[in-house]
Amino acid sequence: MMSSTQVAENITQDDGLVTVSVNDLIVGRKMNFPIYDPHGVLLLAENSEITQERKRAIIQHGVPEVRISQEDKKRVTMNSELANLKTNSFGLDADLTKRIDTIIDGGLMALKNDGPAVKNNVVFLGRKGYNQEKRQKLIEQHQSNGVALGEMIGEVMYGEKINGSIVSKMAAHYLKEMTTDTDNTLTSVIDQFQDDDIASRSMEVSLLAMAIGIEMDLDADNIRNLAIAGLVHDWGMMKVSLEIRTSKSKLNPIEMLEIKKHPIYSLEMLQHVSALSSVVPVVAYQVHERMNGTGYPRGRRGQSIHPLARILQVADAFVGMTSDRPYRPAMMRYSAMECLIRQARENFVDSNVVRALLKVQSLFPIGSFVQLSDGSIAQVIRRNQDHYTKPIVLRLQDASGDFVDREADENLIDLHAEEELQITHALPTPGSNEVTFSDEAYHSNLNTK
């Protein structure tokens, strides 16, 4: 019988095994053969699935590289040739991207207010329900704007020139609505569209970004530019194949490269749109960059990312996490907030923007469902200024599960004013398949659009 040392030597010298970086292992792929450490110690048995938790556990044990079969390498690791494929070399309009990069490299991205902060004009409604007539008009407006945006994208896709004043009017309209009732405006757009409706989903991102920008004391011009960039930033996704956009499995590296082209596609499409501020294409181009340089299309970091793009990045991430995708269910709104707080801590997103989002949405975001300490179920309907752990909620069911009178004053609750009542649990939306925060969900969302 061979000793364990001899077994290790035979394994590590086996021509059928190759050394790969643990970081290159693709989450979600299944190994046909075992994984060993460099000394021949078994780490994962055959038919094991690669997960983020398993990758981290291996690295935490001081094993940055592993030995796997040559057959598995092709399927479960990043192809080394991908390192030679630069995300700025897609064969697109190089002069266009060069002009944008010149603006960025030249530091011409300072953000300043030329007028008073919009926040000064925002009405804080406190413990007050939504105006249902206004809400219905908002929903109808969202639907109309979604159709208009879809038509604009279609025209630009075929190379037609269009007038950008349409999106400017949308932004102006929503700015007015935001100042009169931010919470009603934000919640009226939730769940109004199909998750693969790029044009309409961009409205939810745009509205949330506007609310964050207002909280961050931006003036009207900056808020309008932020809103317009939100409405147009994902247009380039329409040039990504439907098969990739609707894939029910996690995208492979080549497919992800196709996704990473879409900001450049958007940039090209916006050249056909007149009457847009020059800052809008720059912001739209940078929405998917990350503060630590791990984003795309250029891997910009920190101050090299436009402040408005940093706001849109957070809004886009929140809407993305709380939307169903073909390959994964939506995350609970509370869990998405947890996720963004962690991303801020790990420098993926701007912490100042996430702090503003907390004030806009509260820790338990507006529209989400919660259980109160008396056992009743409620829905968060308004933020509560700086009291982001104690929003204003509407009780829906009592502790016995019976429906309550939603019109009764006692069921509209300011949790900051209630000493004996507090939130004990965040809950998924009834009837949904929303998931809670987990390490796997966290890393999964970092590795997708």
For L207, indicate whether it is at pLDDT 95 or above, buried (at least 22 other Cβ atoms within 10 Å of the Cβ) and not aromatic (F, W, Y).
yes
Restricting attention to region 163-208, which residues are within 13 Å of V232 (Cα to Cα) and aliphatic (A, V, I, L, M)?
I166, V167, M170, A171, I198, A199, M203, V205, L207
With respect to S188, determine if the residue is more than 15 Å from the chain's Cα centre (by Cα) and open to solvent by 30 Å² or more (accessible area, probe 1.4 Å).
no
For region 422-435, state whether one or more residues are open to solvent by less than 60 Å² (accessible area, probe 1.4 Å), over 23 Å from the mean Cα position of the chain (by Cα) and at pLDDT 85 or above.
yes
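Conditions (1) free of Cβ contacts under 8 Å to residues at least 40 places away in the same chain; (2) crowded, with 16+ Cβ neighbours inside 10 Å, marked per residue:
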{"site": "P38", "(1), (2)": "yes, no"}
{"site": "L43", "(1), (2)": "yes, yes"}
{"site": "E49", "(1), (2)": "yes, no"}
{"site": "I58", "(1), (2)": "yes, yes"}
{"site": "E65", "(1), (2)": "no, no"}
{"site": "I68", "(1), (2)": "no, yes"}
Could you tell me whether any residue of region 277-284 is surrounded by fewer than 18 Cβ atoms within 10 Å (Cβ to Cβ) and at positive phi?
no
Do you know which of the residues in region 230-259 that are open to solvent by less than 60 Å² (accessible area, probe 1.4 Å) and in a loop (DSSP other than H, G, I, E, B) is farthest from R29 (Cα to Cα)?
H233
If you scan region 395-417, which residues turn out to be more than 16 Å from G375 (Cβ to Cβ), surrounded by fewer than 17 Cβ atoms within 10 Å (Cβ to Cβ) and either aliphatic (A, V, I, L, M) or touching an Asp or Glu at 6+ places or on another chain (Cβ under 7 Å) (or both)?
A408, A417
Checking the structure you have, find out if any residue of region 196-204 is modelled with pLDDT of 95 or more and surrounded by 22 or more Cβ atoms within 10 Å (Cβ to Cβ).
no
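The values are calculated or read from the model by the stated rules, or taken from the named source; none is laboratory data. The shown structure was predicted, so the numbers you read here are calculated from the model rather than taken from an experiment. Using ideal geometry, Cβ is built from the backbone for each residue, glycine included, and neighbour counts are taken over all protein chains shown. For accessibility, only protein heavy atoms count, side chains too; no ligands or nucleic acids. Shrake-Rupley method; radii C 1.70, N 1.55, O 1.52, S 1.80 Å.
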